[in-house]
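Visitor: The structure follows.
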Amino acid sequence: MTDPGEGLAREDIGRLYRTRLSKGRATLGELFGGHQETGSEGAWVTTATGCRFLNCGGYGVFLMGARHPTVVRYVTEQLRRHPVATRLFLEPQAALAADALLRTAPPGLERVHFACSGAEAVEAAVKLARTRGRDQLVAAHGGYHGKTMGALSLTGKAVFQEPFRPLLPGTHHVPYGDAEALGALLATMPGRACVVLEPVQGEAGVVIPPVGYLRAVRELCREHGALLVLDEIQTGLGRLGHWWGAVEERVTPDMLLAGKGLGGGVLPVSAVLASAEVFSAFDKDPYIHTSTFSATPLAMAAVQGALAAVEEGDLVRRAQDLGRELLREISRIARRHFGGLVREVRGKGLLIGVEFTVPGPAGDLLVELVDNGVVANHSLNSHLVLRLTPPAVLTPAETAFLYEAFDRACRAQAARHVPHARPAPTRESGTIHA
């Protein structure tokens, strides 16, 4: 099949971005070298010029890499049969996907509502909470839950909220990891609160709460009649080295949100997993909250393929083992080059953050990594943290490539940011091949 973009120069694509999409997005693309990604497979992204980049980014989507053969098989077979449903008849793939997903979840979660984006799942959870009389929303500073109006009200970053105020009334934020502060707030609103938290704050820069925090939150919610929603859109499906962060802490929330990797890196899909009691309003009236493409057969095939791929590849255990190794080596390399400029290298499973003590190195290192053939993430709610969300399918050779590239990138940027650091050898941008 001919690539629709074939024959267009890089300048032409940039012009179309600036005139048809977003000038800001075009500028951001140029900052990272103006590369045009046109293909992907496994842990690699390919550009229009044939360069290949190891994808340790994608904000948590690519736990099983790109175009995992199991996911592609499920989706391709469904595409040939029945990609989009009428929404009038019962459709088997939705039922099968819901059953498969719930079998991975903490006990007590019995119903699923599927959506397309993570923010849509957050919105559905907020609406379910309202049906249970919980009109006060409680989230954490630094948390990230999306940018639609309800989700944005929960997202703990003022810069994203300011242009769109007023947001949802009755929204409160507390320090993440501080159970005492949460308890004090919940005591002022008995039976009215819905608490929405991440097991690990991804966009805040991989902030890991104290051990036992989620269990303490669960008990506080019971004590004060609050609902607990765990946003596992980025942390779920094995990313943390456990199926869910809730499982690691032996906590069953009233609702659990899934997304990112739920579509297997092939299709966008998200979900709310809820107890039967919390879900009762949606049980009673199937039209109270709907979406045309919710539980579309093609997406449901992707969910089944993604779950099968995780099981077949033992990717949850792989994320735990590989994550432990990566955390050790990334920390060693970063500290060797940047010394005291590194505040902390932290992570859980394949969610890893490198935090610096001053602004500048995190963003510069992100660009430098691209120049050395690796895609990573910035952290939307922390400019001090470089974030890595590598796939669990990395081979030993790909892991070695990551270490070598990270070492070169750190050395180059340390020469700029650390006094008396040794300069790195120069390397032409965009020539990395594997």
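Visitor: What number goes with the only condition from (1) basic (Lys, Arg); (2) modelled with pLDDT of 95 or more; (3) not in a helix (DSSP H, G or I) that ARG411 does not pass?
Guide: The one condition ARG411 does not meet is (3).
Visitor: Quick one: in region 373-393, which of the residues that are surrounded by fewer than 24 Cβ atoms within 10 Å (Cβ to Cβ) and not in a strand (DSSP E or B) is modelled with the highest pLDDT?
Guide: The residue in question is VAL393.
Visitor: Now, a different point. Please enumerate the residues belonging to region 111-139 that are aliphatic (A, V, I, L, M) and more than 17 Å from the chain's Cα centre (by Cα).
Guide: Selection gives VAL112, ALA124, ALA125, VAL126, LEU128, ALA129, LEU137, VAL138, ALA139.
Visitor: Which one of these is without any contact (Cβ under 8 Å) to a residue 12 or more places away in the chain, among the aliphatic types (A, V, I, L, M) and either in the same structural domain as ARG239 (by TED's automatic domain parsing) or closer than 24 Å to GLY236 by Cα (or both): ALA151, ALA181?
Guide: On the way: ALA151 fails: without any contact (Cβ under 8 Å) to a residue 12 or more places away in the chain.
When all the criteria are applied, what remains is ALA181.
Visitor: Given the criterion touching a residue at least 40 places away in the same chain (Cβ under 8 Å), touching a helix residue (DSSP H, G or I) at 6+ places or on another chain (Cβ under 7 Å) and not aliphatic (A, V, I, L, M), identify the matching residue among GLY34, GLY29, GLY60, GLY42.
Guide: Exactly one residue qualifies, and that residue is GLY60.
Visitor: On to the next question. Restricting the first residue to region 316-339 and requiring it to be under 16 Å from GLY65 (Cα atoms), which pairs with a second residue that is part of a helix (DSSP H, G or I) and of a type outside the set (Lys, Arg) meet a Cβ separation below 7 Å and a spacing of at least six or different chains?
Guide: Close Cβ pairs (under 7 Å, with a partner that is part of a helix (DSSP H, G or I) and of a type outside the set (Lys, Arg)) amount to VAL316/VAL310.
Visitor: Residue check, GLN320 against (1) over 30 Å from ALA409 (Cα atoms); (2) in a helix (DSSP H, G or I), all met but one. Which one?
Guide: For GLN320, the exception is condition (1).
Visitor: Residues that are buried (at least 17 other Cβ atoms within 10 Å of the Cβ) and within 22 Å of the chain's Cα centre (by Cα): find the helices (runs of 4 or more DSSP H) completely inside region 167-283 holding 1 or more of those. Break it down into steps so the answer makes sense when it comes.
Guide: Values: elements: 179-186, 213-224, 245-248.
The qualifying helices (runs of 4 or more DSSP H) are 213-224, 245-248.
Visitor: Residue by residue through region 153-168, note down the ones that are more than 18 Å from LEU257 (Cα to Cα) and touching a helix residue (DSSP H, G or I) at 6+ places or on another chain (Cβ under 9 Å).
Guide: If the condition is that a residue be more than 18 Å from LEU257 (Cα to Cα) and touching a helix residue (DSSP H, G or I) at 6+ places or on another chain (Cβ under 9 Å), then PHE160, GLN161, PHE164, LEU167, LEU168 are the ones that fit.
Visitor: Among LEU96, LEU102, LEU90, LEU63, which is out of contact with any Cys (no Cβ under 9 Å at 6 or more places or on another chain), buried (at least 22 other Cβ atoms within 10 Å of the Cβ), of a type in the set (A, V, I, L, M) and modelled with pLDDT of 95 or more? Show your work before the answer.
Guide: Details: LEU96 fails: buried (at least 22 other Cβ atoms within 10 Å of the Cβ); LEU102 fails: buried (at least 22 other Cβ atoms within 10 Å of the Cβ); LEU90 fails: buried (at least 22 other Cβ atoms within 10 Å of the Cβ).
Every option except LEU63 fails the conditions.
Visitor: So, in region 111-151, exactly how many residues are buried (at least 19 other Cβ atoms within 10 Å of the Cβ), out of contact with any helix residue (DSSP H, G or I) (no Cβ under 6 Å at 6 or more places or on another chain) and farther than 15 Å from ALA193 by Cα?
Guide: Qualifying residue count, region 111-151: 10.
Visitor: Select from region 63-84 the residues that are more than 19 Å from the chain's Cα centre (by Cα) and of a type in the set (Lys, Arg) and write down the one among them that is nearest to PRO391 (Cα to Cα).
Guide: Here the residue is ARG73.
The values are calculated or read from the model by the stated rules, or taken from the named source; none is laboratory data. Bear in mind that the values here come from a model prediction, so they are computed numbers and not experimental data. Heads up, the Cβs are rebuilt from the backbone with ideal geometry, glycines too, and the neighbour counts pull from every protein chain shown.
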